[in-house]
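A.B. asks: There's a structure below that I have some questions on.
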Amino acid sequence: MCADKALTHLDETGTARMVDVSGKAVTARSATAEGWVRMAPETMDLIVRGEAKKGDVLGTARIAGIMGAKRTHELIPLCHPLGLSKVSVDLEPVAADSAVRVTATAKVTGQTGVEMEALTAVGVACLTVYDMVKAVDRGIEITGIRLLEKSGGRSGSWHADDSGQDG
């Protein structure tokens, strides 16, 4: 973090506060995040074959991720409730890694960004994959949840590979 950037959710006395966005311009904003659910190869096969006892793992996780994004303001303190214009959640089985790659994109036209909504969608989708197959594989690992890119607002666009913080 740069030394000249202040934490916006704290006032001058260090008390937590919801950021006042009333003076910000309404702009088109979007954010994309990713996460990984790593598991035993047998568990991956079960998911891909659609034979999990609880049902369609990837379809259920997709819906859960979308629902999570829509409820971010109820889960993360100080987040603004947003009228999201789009949330997409994609789950891609990657057999070579015995993992499911989860990506989510959230969009809004508003006064604040949607990074938390994209990240929440990924987290909830990953947790749902775990929940759907935990009976056969307790060793599942959820990893790599991160923001990939964001656009809009005063700070403009940002991409993970441009930050100087990624690999």
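The values are calculated or read from the model by the stated rules, or taken from the named source; none is laboratory data. Worth saying up front: this structure is predicted, and the values here are computed from it rather than measured. Here the Cβ is made from the backbone with ideal geometry for all residues, glycine too, and neighbour counts use every protein chain on show.
A.B. asks: Scan the stretch 128-137 and give yes if some residue there is under 26 Å from ARG29 (Cβ atoms), surrounded by fewer than 18 Cβ atoms within 10 Å (Cβ to Cβ) and at pLDDT 95 or above, otherwise no. Outline the logic, then answer.
C.D. replies: Of the residues in the stretch 128-137, the ones under 26 Å from ARG29 (Cβ atoms) are 128.
Filter once more, so that each one left must be surrounded by fewer than 18 Cβ atoms within 10 Å (Cβ to Cβ): none.
No - not one qualifying residue is present in the stretch 128-137.
A.B. asks: OK, next. Can you pull out every residue in the stretch 44-71 that is in a loop (DSSP other than H, G, I, E, B) and under 20 Å from VAL114 (Cβ atoms)? Quick ask: steps written out before the conclusion?
C.D. replies: Pass one, the stretch 44-71, residues in a loop (DSSP other than H, G, I, E, B): 50-56, 71.
Correct list: ARG71 only.
A.B. asks: Which condition number in (1) among the hydrophobic types (A, V, I, L, M, F, W, C); (2) closer than 18 Å to THR109 by Cβ; (3) without any contact (Cβ under 8 Å) to a residue 40 or more places away in the chain is the one that ALA69 fails?
C.D. replies: Among (1) among the hydrophobic types (A, V, I, L, M, F, W, C); (2) closer than 18 Å to THR109 by Cβ; (3) without any contact (Cβ under 8 Å) to a residue 40 or more places away in the chain, ALA69 violates only (3).
A.B. asks: What do you reckon, is MET67 farther than 20 Å from ARG146 by Cβ and under 15 Å from the mean Cα position of the chain (by Cα)? Step through it out loud before you land on a result.
C.D. replies: Working: farther than 20 Å from ARG146 by Cβ: yes; under 15 Å from the mean Cα position of the chain (by Cα): yes.
Yes.
A.B. asks: May I pose another question? Working only within the stretch 84-127, note down all residues that are small (Gly, Ala, Ser), under 25 Å from TRP158 (Cβ atoms) and modelled with pLDDT of 95 or more.
C.D. replies: Within the stretch 84-127, the subset small (Gly, Ala, Ser) is 85, 88, 95-96, 98-99, 104, 106, 110, 113, 118, 121, 123, 125.
Now narrow it down to the ones that are under 25 Å from TRP158 (Cβ atoms): 85, 88, 104, 106, 110, 113, 118, 121, 123, 125.
Once the filter is applied, which keeps residues that are small (Gly, Ala, Ser), under 25 Å from TRP158 (Cβ atoms) and modelled with pLDDT of 95 or more, the stretch 84-127 yields SER85, SER88, ALA104, ALA106, ALA118, ALA121, GLY123, ALA125.
A.B. asks: Would you check if there is a residue in the stretch 78-85 being over 19 Å from ARG146 (Cβ atoms) and either part of a helix (DSSP H, G or I) or in contact (Cβ under 8 Å) with a residue 40 or more places away in the chain (or both)? Reasoning before the result, please.
C.D. replies: Going through the stretch 78-85, the residues over 19 Å from ARG146 (Cβ atoms) turn out to be 78, 80-85.
Now restrict to residues that are either part of a helix (DSSP H, G or I) or in contact (Cβ under 8 Å) with a residue 40 or more places away in the chain (or both): 78, 80.
Taking every residue of the stretch 78-85 in turn, at least one turns out to be over 19 Å from ARG146 (Cβ atoms) and either part of a helix (DSSP H, G or I) or in contact (Cβ under 8 Å) with a residue 40 or more places away in the chain (or both).
A.B. asks: Can you list residue pairs whose Cβ atoms sit under 7 Å apart, with the first residue in the stretch 129-147 being within 17 Å of ASP56 (Cβ to Cβ) and the second being surrounded by 14 or more Cβ atoms within 10 Å (Cβ to Cβ) and of a type in the set (D, E, K, R)? Count only pairs 6 or more apart in sequence or on different chains.
C.D. replies: none
A.B. asks: Now for a different question. On the given criteria, is ALA135 within 15 Å of the chain's Cα centre (by Cα) and on the phi < 0 side of the Ramachandran plot?
C.D. replies: Here the answer is no, as ALA135 does not meet what is asked.
A.B. asks: For the stretch 39-56, which positions are surrounded by 20 or more Cβ atoms within 10 Å (Cβ to Cβ) and in contact with a strand residue (DSSP E or B) (Cβ under 8 Å, 6 or more places away or on another chain)?
C.D. replies: Hits for the stretch 39-56 are MET39, MET44, ILE47.
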